[in-house]
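The structure under discussion appears below in the form of structure tokens.
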């Protein structure tokens, strides 16, 4: 009998811990979406040093990773969690959540947090994001994105890369080469916002309603495109 009471007490404590974890994860994911929205607003506030309107006009998906952590000595590594939305016939989809990890060789000393923006340019790149697991530079072609009001007419940014990558560190915004990084589904954040058994495919195909906590991020994506078109 005592063993049964101890068991029931343990299960109750585990249940409370799970509820507490879910609440914490949901709050952290909501903060990440709000931070991603702020990043897009700040980038578009300086159009001469932002994402060109041609790039935003043709974007299939927009993904943002606030505070991607880069660091190391000689061997560098990237780790972060992000949020993405894709175009659907009804507008931008509810946000999907992903994690990005990877390594790159190079002379690197110290550690730095950067904000990462990825523009998925075509249907092929969108399908890779939907499948929730690919490597930049290997599975999906990636390139540093052009910066400014307009993409230069003599660049082949539109044809060559499935994914254009940008970074912002210490106020400076520039194209970023991120080959070798792995992008996969963030199960913890997805379950915290949508519950279990909701696939990334359903989310990015527009089959899942966007939660209220996602409105700031989606408004920022819509606003970035509208602003780019207005500045033509």
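Readers should treat all values here as calculations from the given coordinates under stated rules, not as data from a laboratory. Quick caveat: nothing in here was measured; it's all calculated off a predicted structure. As a convention, Cβ positions derive from the backbone with ideal geometry for all residues, glycine included, and neighbour counts pool all protein chains shown.
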Label-point separation, residue 197 to residue 139 (7 Å along Cα→Cβ), nm:
2.5
Between residue 42 and residue 27, how many nm apart are label points set 7 Å from Cα along the C-beta direction?
2.3
Residues residue 184 and residue 222, FRET efficiency given R0 of 30 Å [Cβ-Cβ distance, rounded to 0.05]:
0.65
Ranked from highest to lowest mean number of other Cβ atoms within 10 Å per residue, what is the order of the peptides 55-65, 130-140?
55-65, 130-140
